[in-house]
Amino acid sequence: MSLWIVYLIAAAVLMIIELLTGFVATFCVAVGCVIAAVLDFMGLGIEAQLIGLAAGVIVAFILFAPLINHLRKKHNVHREEYNSNMNALIGREVFVTQSIPDGGGVGRVTVDGDSWQAVSNSGDAIELGARVRVTGYDSIILTVKPVI
């Protein structure tokens with residue numbers, strides 16, 4: 001099998017990965033593979049092919065990465081509104097599963113089946129079973145306040 005066919009197969013696989021993941025670098029490497037395939041088809045040696053591949057990746061990254069990132073931001077205008085990880089817990093109403101003692105003591109709350117350590121934002125005690133709202137976090141300890 002000719003090397004240019006291998007380059008084109010690699011480019012096709014990378015484009016499929018690009019479509020599935022949206023990772024700009026895979027697109028840039030696919031462009032480099034196409035350039036290397038053209039150079040091999042023209043009969044140039046492996047050194048020229050590797051230089052073409054590297055140059056193609058660099059040029060594609062310089063040209064296409066800002067454009068693709070701009071388009072991605074344009075079509076996900078409200079993406080900042082979606083919280084993930086710990087920030088997604090803020091504002092959630094949950095129940096205390098282990099009472100929270102006063103004076104900054106640590107108790108526990110359950111969020112979506114996961115048990116988290118929690119402290120009261122006011123330092124007051126919160127009883128077992130009380131409904132609370134997550135107001136923040138410090139490392140893996142949630143800060144909560146009673147829901148009235």
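The values are calculated or read from the model by the stated rules, or taken from the named source; none is laboratory data. The structure displayed is predicted, hence computed values, not measured ones. Neighbour counts are summed over all protein chains in view; Cβ atoms, including those assigned to glycine, are modelled from backbone coordinates with ideal geometry.
Conditions tested, residue by residue: (1) hydroxyl-bearing (Ser, Thr, Tyr); (2) exposed (fewer than 14 other Cβ atoms within 10 Å of the Cβ).
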residue	(1), (2)
VAL31	no, no
ASN87	no, yes
ILE90	no, no
GLU93	no, yes
SER99	yes, no
VAL106	no, yes
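Conditions tested, residue by residue: (1) in a loop (DSSP other than H, G, I, E, B); (2) at pLDDT below 85; (3) hydrophobic (A, V, I, L, M, F, W, C).
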residue	(1), (2), (3)
VAL59	no, no, yes
ASN69	no, yes, no
ARG72	no, yes, no
VAL77	yes, yes, yes
ASN83	yes, yes, no
VAL94	no, no, yes
THR97	no, no, no
